[in-house]
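The values are calculated or read from the model by the stated rules, or taken from the named source; none is laboratory data. What you see is a predicted model, and the numbers here were worked out from it, not measured in a lab. Every residue, glycine among them, receives a Cβ derived from its backbone with ideal geometry; neighbour counts consider all protein chains shown.
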Amino acid sequence: MNAWHAKEVRNIFSELNSSEKGLAKREAVKRLAKYGKNELERKKKTSGILKFLKQLNNPLAYILFVAMAISFAFDHIIDAYVIFAIVLINASVGFIQERKAERAIEALKRMVISYAKVYRDGEIIKIPASQIVLGDVIFLEEGDRIPADARLFDVKNFRTQESSLTGESFPEEKDLKILSTKTSLGDRQNMVFMGTLVVSGDAKAIVVATGNETQIGVVAKSIQEVIRPKMHFNEKVNQLAYQMGAFAVIGAMLTFIIGYFIRGLEFFD
């Protein structure tokens, strides 16, 4: 990510082609079309039943179901139930992991506000937070939830609560000092972040990141990463299952050919 906390404010305004008076309304419309809405990525919702069934849609599950059917056919009831339990437990674990990740992301989305105050054509107006774009100048005051990541350039007794991002329970005193590029997230006193809360004072800031590019967007991505190792593992398991299935079919065919045609055994021997 760009180290906005380590740059001169005037250079940020120049880089984002903006000013302390904010963007022109016409320019804001262009940027919204170019960069998209200031929203965290939303995926199409799927019912819980379909999510659970998706966990069963893999070659290993198919092989286990076949093994379970064969166990039932040969009256190996206990073996069949054990196999069924293995399939059910594996699917349940995958389902629970996905549900936890989705709930965590939904909790982050609820932290994003509906409306925000911005400067457009030099005047403060209230707009849907989803329409905020890079270079917008936002006005923040006590009680506001911050609509995007932004670099402060004017503060008056300004403090924010950033526990949702940093875990720090005490309010952060904000100022305009330029910081080192290596400054940690919790120590960036010249920045404000989407979803955090203004607890006192007021401030003006220039928006430097929106939507999935914000710090809260990074958190949402990291939550998605939690289930990706499992997905990668499942791919490897599926490959192995295909190979096992192929060997099993070939082995069964060879056994049948040798027994039936060469050794002259009856079909059910």
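Observations on the structure shown:
- Among the residues of region 197-219, those identified as surrounded by fewer than 21 Cβ atoms within 10 Å (Cβ to Cβ), among the aliphatic types (A, V, I, L, M) and not in a helix (DSSP H, G or I) are LEU197, VAL199.
- The residues in region 188-212 that are in contact with a helix residue (DSSP H, G or I) (Cβ under 9 Å, 6 or more places away or on another chain) and on the phi < 0 side of the Ramachandran plot can be counted, and the count is 13.
- Residue selection: GLY135 satisfies the criterion of being modelled with pLDDT of 95 or more, closer than 15 Å to VAL207 by Cα, not in a strand (DSSP E or B) and not aromatic (Phe, Trp, Tyr).
- Condition check for THR210: over 21 Å from GLU15 (Cα atoms) and under 24 Å from the mean Cα position of the chain (by Cα): no
- Helices (runs of 4 or more DSSP H) within region 9-79 that include 1 or more residues over 25 Å from ASP154 (Cβ atoms): 25-35, 48-54, 59-73
- Residues in region 145-163 that are among the small types (Gly, Ala, Ser) and either surrounded by fewer than 17 Cβ atoms within 10 Å (Cβ to Cβ) or part of a loop (DSSP other than H, G, I, E, B) (or both): 2 in all.
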